[in-house]
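**Q** Before we start, here is the structure in question, set down as structure tokens.
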Amino acid sequence: PFSRQMIAAESPGWPKKMAALAKATDYDGDKVLALMGEDVKGALQQSINDFTTPGLAPSTIEEKGFSKPLIDTSHMLNSIAYEVKK
């Protein structure tokens with residue numbers, strides 16, 4: 001759900017962002033894609049951090065020591081990446 005929510009919220013603005021980045025980078029496709037990759041990566045990481053529902057079971061909260069869903073070791077959060085291929 002966190003990725004679907006982010007895509008629904010962010011994707012309408014992607015064409016405009018990409019056009020602005022293209023102009024700002026003198027239409028360097030690799031730079032545009034890398035900057036868009038960073039933008040989408042950041043949005044997805046923020047979506048993971050903001051995700052709160054469904055809430056965790058009381059037993060899970062007790063075991064983890066906190067009530068934040070999707071965050072335990074931060075492995076998933078830190079694994080978000082992108083790659084620009086030619």
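The values are calculated or read from the model by the stated rules, or taken from the named source; none is laboratory data. Keep in mind that what you see is a predicted model, and the values were worked out from it rather than measured. Glycine gets a Cβ as well: all are built from the backbone with ideal geometry, and neighbour counts include every protein chain shown. Side chains included, ligands, DNA and RNA excluded: accessible areas come from the protein's heavy atoms. Shrake-Rupley method; radii C 1.70, N 1.55, O 1.52, S 1.80 Å.
**Q** Hey, if you put +1 on the Cβ of every Lys and Arg and -1 on every Asp and Glu Cβ in the chain, which of 48, 18, 81 ends up farthest toward the positive end of that dipole?
**A** Going by the Cα projections, it comes out as 18.
**Q** A further question on this structure: Hey, what's the Kirkwood Rh for the chain if you take every pair of different alpha carbons, in angstrom?
**A** Evaluated over the chain, this radius sits at 14.8 Å.
**Q** Please compute the contact order of the chain in relative form: average sequence separation of alpha-carbon pairs under 8 Å and at least six residues apart, divided by the residue count, as a percent.
**A** That works out to 30 percent.
**Q** Continuing with this model, one more query. Students sometimes get this wrong: rank 66, 51 by accessible area, probe 1.4 Å, all chains present, largest first.
**A** Descending accessible area places them as 66, 51.
**Q** Next up: Among residues other than residue 23 whose Cβ falls under 15 Å from its Cβ, what is the net charge (Lys/Arg +1, Asp/Glu -1)?
**A** +1
**Q** Kindly sort 48, 80, 61 by accessible area of their heavy atoms, largest first, with the probe set to 1.4 Å.
**A** From most exposed to least exposed: 61, 80, 48.
**Q** Next question, about the same structure. Hey, what number do you get for the chain at 222 nm if only DSSP H runs of n ≥ 4 count, each worth -39500 (n - 2.57), divided across all residues, to the nearest 500?
**A** Mean residue ellipticity, 222 nm, calculated: -18500 deg cm²/dmol.
**Q** Ok, one more. Given a Förster distance of 22 Å, report the FRET efficiency between residue 83 and residue 19 from their Cβ-Cβ distance, rounded to the nearest 0.05.
**A** 0.50
**Q** Around residue 60, with a cut-off of 14 angstrom between Cβ atoms, what is the net charge of the other residues, counting Lys and Arg +1 and Asp and Glu -1?
**A** Summing Lys and Arg as +1 and Asp and Glu as -1 gives -1.
**Q** Got a sec to turn the phi values of the stretch 64-69 into Karplus ³J(HN,Hα) couplings, 6.51 cos²θ - 1.76 cosθ + 1.60 with θ = phi - 60°, whole Hz, x for Gly and Pro?
**A** With the stated coefficients, the stretch 64-69 comes to 6, x, 7, 9, 7, x Hz.
**Q** In Å², and per residue, what accessible area does the chain have when probed at 1.4 Å with the other protein chains present?
**A** 71
**Q** If you roll a 1.4 Å probe over the chain with all protein chains in place, what percent of the accessible area is carbon or sulfur?
**A** After summing per-atom areas, the C and S share lands at 57 percent.
**Q** So if R0 is 22 Å, what FRET efficiency would residue 74 and residue 5 give, r being the distance between their Cβ atoms, rounded to the nearest 0.05?
**A** Result of the calculation: an efficiency of 0.65.
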